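Data first, discussion second: the structure below is written as structure tokens.
Please treat every number below as a calculation from the coordinates, not as lab data. This is a predicted model, so every value here is computed, not measured. Glycine gets a Cβ as well: all are built from the backbone with ideal geometry, and neighbour counts include every protein chain shown.
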Amino acid sequence: MKSFFKIMLALVMAFGFSVASVAAADETNSTDLTAESPSKVKPVFQGLPSSLEVGKKYKLTVDTEYVGELVDQGKFFFLISNGEKVESVKTTADRSKKKYTTTGYFTPKSEGTYILLFGIKQKSASGEIIEGNAETSFKPIDKNKINLTVSPNQITAKLGEEIPVLVTYNSNVTTKLEFNQKVTELGSSRKSGVYRKVFLWKPEKKGEYTLKVKASQTRYDRIETKEIKIVVE
């Protein structure tokens, strides 16, 4: 596995390849990708939280032993992500502590597994090129996920009846509910960020219907939809 990541990092650094599918680790874990060689150093990720939240900005910091002149600034590459990039990347030298420190900023857009690679190159006093490669993985969680549910999912009713529908969703920000049929809100409650709302819909004629419910949060560009199958006899 280490050899695989080393090869992929080399390809990305040399040709700018973007790879979007590899086997992923299950939990946050930093791993040295370097082989046993005098021409290698071991970069170390510093201070990365054990759990990350979607939509929150994080500072990435990697320290690398100072062994010579910087050839290539430290670079971050995602093997698995949701289109995000590490921004404002820079590498600074601290000769007193004999290290290079590379920093950058990253904001996860959605839940899932992320695999992040780091690479840096130095040149020793003798002219030898010395590389440093590292990898870390993490799974951000979305605390603002809507989690839209409707109940019941299927209804059989008589013509003239008002049909009650329970809509439940999570939200700490403004959430808009939309229906493809005209409904009336009967009541609502909120507890620990969970909303429960009851709506009434009265069909005008017999037949089969699909009542669609859409919940959207413009602040986070989130949309979830649910459907209810209704038979009116």
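Laid out as a table, the results:
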read-out: Nonlocal amide H pairs with Val41, under 5 Å, H built at 1.01 Å; value: Glu131, Gly132, Asn133
read-out: Whichever aspartates and glutamates have a C-alpha closer than 18 Å to that of Lys214, once near sequence neighbours (fewer than 8 apart) are set aside; value: Glu178, Glu185, Glu224, Glu227
read-out: Exposure proxy ranking, count of Cβ atoms within 10 Å, fewest first, for Arg222, Arg196, Arg190; value: Arg190, Arg196, Arg222
read-out: DSSP-loop GluC sites (Glu not before Pro) across region 65-99, with at most 16 other Cβ within 10 angstrom; value: Glu84
read-out: Karplus-derived 3J(HN,Hα), 6.51/-1.76/1.60, for each residue of region 192-206, Hz, glycine and proline x; value: 6, x, 9, 9, 10, 10, 10, 10, 10, 10, 10, x, 9, 7, 6
read-out: Region 132-210, relative contact order [Cα under 8 Å, separation at least 6], %; value: 30
